[in-house]
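Colleague: Please find one structure pasted underneath; my questions will follow.
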Amino acid sequence: IYIIYYTIITFMGLIVIFLGRRASCKYFCMFSAVFIFLGKIRDFLRLPALRLKTTDAKCISCKLCDKNCPMSLPVSDLVKNRDMRDSECILCGNCVSVCRQKCIKFGS
């Protein structure tokens, strides 16, 4: 039974090394596929939902939002493009709380 356990641990370690942080969430998790699919339907039907909004005029490119994103998203690039929608965003709010210029906000 230890052989199976250590095989699984080694396999997961190799996935993290070669595919990056949260690779199992991004590539193997069925919940993420379902949430992405439901998000696409919600956007198509234009249903109200919790979203991140930005005003890039205040952004000073300090990149604190990038460093504090648990999903390792390029939040500062999303702010510059004025489109905060990303299928991997979990709406944790870390970028909202660390932004000194208050250019990222929650909205609907």
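Colleague: Where the accessible area of the chain is counted over protein heavy atoms with a 1.4 Å probe, how much of it, in %, is carbon and sulfur?
Modeller: 65
Colleague: If you count only protein heavy atoms with a 1.4 Å probe, what accessible area per residue comes out for the chain, rounded to a whole Å²?
Modeller: Working: 8170 Å² over 108 residues.
With all protein chains present, the chain gives 76 Å² per residue.
Colleague: Follow-up. Could you please state, rounded to a whole Å, how far the C-alpha centre of the stretch 83-99 is from the C-alpha centre of the stretch 2-21?
Modeller: Rounded to whole Å, the Cα centres lie 29 Å apart.
Colleague: Straight-line reach from K40: which lysines have a Cα under 25 Å away, not including same-chain ones fewer than 8 places off?
Modeller: Within the straight-line limit of under 25 Å, K40 reaches these lysines: K26, K53, K80, K105.
Colleague: Would you work out which of C99, I41, C25 lies farthest towards the positive end of the dipole of the chain? Charges go on Cβ: Lys and Arg +1, Asp and Glu -1.
Modeller: Farthest along the dipole direction, towards plus: C99.
Colleague: Restricting to Cα atoms and excluding each atom paired with itself, what does the Kirkwood estimate give for the stretch 1-95 in Å?
Modeller: Details: mean 1/r = 0.0638 Å⁻¹.
Result for the stretch 1-95, one decimal place: 15.7 Å.
The values are calculated or read from the model by the stated rules, or taken from the named source; none is laboratory data. Note that the structure is a prediction, hence the values are computed from the model and not measured. Cβ atoms come from the backbone with ideal geometry, glycine included; neighbour counts cover every protein chain shown. Only protein heavy atoms, including side chains, enter the accessible area calculation; ligands, DNA and RNA are left aside. Shrake-Rupley method; radii C 1.70, N 1.55, O 1.52, S 1.80 Å.
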